[in-house]
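The values are calculated or read from the model by the stated rules, or taken from the named source; none is laboratory data. If you're wondering where the values come from, they're calculated on a predicted model, not measured in any experiment. Because the Cβ atoms are built from the backbone with ideal geometry, glycine has one as well, and the counts that use them run over all protein chains shown. Surface accessibility is based on the protein's heavy atoms, side chains included, excluding ligands, DNA and RNA. Shrake-Rupley method; radii C 1.70, N 1.55, O 1.52, S 1.80 Å.
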Amino acid sequence: MDILIIGMGYVGTTTGLVFAQQGHHVTGLDIDQQKIASLQSGNLYFYEPGLQEMLSTHIKNHTITFTCDAEAAIKNHDVIFITVGTPSLNSGKADLTYIKQAAEMIGRYKNEEKIVVIKSTVPIGTTDELEEWIALSSKDTSPVHMTMNPEFLREGNALKDALYPSRIVIGSQSDTAIHKLKELYKDVSSPVLVTSTKAAEMIKYASNAFLATKISFINEMARLCDKAGVPIQDVAKGMGLDERIGSPFLNSGLGYGGSCFPKDVKELIASAEEIGSPLHILQRVEEVNQTQSTYFMSKVKSKFPRLKGKRVAIFGLSFKPNTDDTRESVAFRMLEQFVQEEAKIFVHDPAVNLSTDWVKKGVTQCWDPYITVKEADLLVICTEWPQYTQLDWKRVKGNMGNPYLFDGRNMLIGEEMKKLGFYYRGIGSDCIDH
Ligand code: NAD
């Protein structure tokens, strides 16, 4: 199939490359000329394991091309995916500006029957709205077959998730679109669920909201465990063995971040309020998440009431490991608190380049973790990059001025760290080591 994808961000680029890998011809369209120029020259402008190699292969094979020419791209394709961003407005509602722009672009240049597939996460009813926006900006009256096909990939694991999705949800009232999408996904051995467009929209939000709930639930349990002197790791393990619960998303830590959970939880809460069916559980989920970094910071403050002039080393800036995405990363919430306290801050992340704004605030980026901790008074782990577990922690301790280790992701084994001579604090097991 010849497929057009509008929006060459994390989702669009990954989706495009996976379609190319599956034997389709893909055109990637974006309004951002820099991104398109980078992709055209074979350079993935963001970090995602395995994707750079795939990009090089498919550029060489001419199975994927990139363009800013919306008119030609839309005229030449009858299957169009939309993967533009849907960030949060201040109200918590999703900002549909980019979705509307994409719709108007399709309407303007549409010259024949089209299948339009939304992969972006959009509020309930948006697919219907999008159909209207296309119609309003179009002179062409040939049919548009609307479909909502939510994306479930996780950054850091995007390629595997897109190649082997847990499920394929096709929300459409159009038999033509359903048939086409089933054909497109015929070699993928995942369950296919055909629903209404609204159900497909809701499935995406409900799934993210549920995962966020699991995270806030275990984080609140961890706070209780701190007080009760019970190791949260044992509790999570014991819970996770129940197949009705399952072990994923039961790692207590600094809370969820990223470009999806925070905004999707906010959007669902705001929409539900508007519809007149408030989501009380989800409101608390957000509250727990908002306060989790402050809770962790209070552990730091109990040892360092004054941080002014203290050397603070931070490991991890991305919102989770294996990505350079820092959108809504809790690490930056932590960083801001240390900046406010006028600490001397040294950060390490394997993939993230610190912006000049932070450098201007006095934060120093190091590329070697052992140098990052040189003479540090305390080390805070904000992102659980797997390579941190492989470090020579004896050497880390030797390099530090004072061996205070605050593990915001419970990624290290506290007992082992204490044996090495660290003062160690995680989340949810504090009383045990008093
Ligand atoms: P992104 O910000 O990385 O990419 C969006 C891209 O769309 C940008 O490159 C932007 O320049 C482009 N764009 C905006 N308006 C355009 C227009 N009119 N025409 C062409 N291009 C345009 O966003 P993302 O992380 O890829 O997310 C996209 C959508 O997918 C969001 O709705 C998000 O919630 C959803 N989603 C994201 C993930 C994820 O892990 N990132 C996972 C599942 C679903």
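Go through segment 331-407 and name the GluC sites (Glu not before Pro) that are in a DSSP coil and have 12 or fewer other Cβ atoms within 10 Å of their Cβ.
Filter output for segment 331-407: Glu375.
Ordering Lys419, Lys237 by how much accessible area each has at a 1.4 Å probe, largest first, what is the list?
Lys419, Lys237
Multiplying the sequence separation of Lys418 and Gln283 by 0.36 nm and subtracting their Cα-Cα distance, what value in nm do you get?
Here the segment from Lys418 to Gln283 would lengthen by 44.9 nm.
How many nm is it between the label spots at Lys308 and Met1, if each spot is 7 Å from the Cα in line with the beta carbon?
6.3
Considering only protein heavy atoms, what is the solvent-accessible area of His25 at a probe of 1.4 Å, reported in Å² to the nearest 10?
Here the accessible area works out near 100 Å².
FRET efficiency for Val359 and Asp175, Cβ-Cβ distance as r, R0 = 41 Å, nearest 0.05?
The computed FRET efficiency comes out at 0.15.
In segment 79-136, what GluC sites (Glu not before Pro) fall in a loop by DSSP, with at most 10 other Cβ atoms inside 10 Å?
Sites meeting the loop and neighbour criteria: Glu112.
Counting other Cβ atoms within 10 Å, keep those with at most 10, restrict to DSSP loop, and tell me which trypsin sites (Lys or Arg not before Pro) in segment 150-233 are left.
Passing sites in segment 150-233 are Lys186.
If I model a spin label as a point 7 Å beyond the Cα along the Cα-Cβ vector, how far apart are those points for Ala199 and Glu129 in nm?
In this crude spin-label approximation the distance works out to 2.3 nm.
Starting from the 7 Å offset along Cα-to-Cβ, what nm value, one decimal, do you get for the label separation of Ser298 and Met239?
2.0
Among the lysines in segment 257-345, how many pairs, 8 or more places apart or on different chains, have alpha carbons under 19 Å apart?
9
Determine the order of Ile281, Ile413, Ile64 by accessible area, beginning with the largest, at a probe radius of 1.4 Å.
Ile281, Ile413, Ile64
Tell me the mean residue ellipticity at 222 nm calculated for the chain from its helices only (DSSP H runs of n ≥ 4, each -39500 (n - 2.57), averaged over every residue, nearest 500).
Roughly -13000 deg cm²/dmol at 222 nm, from the helical runs in the chain.
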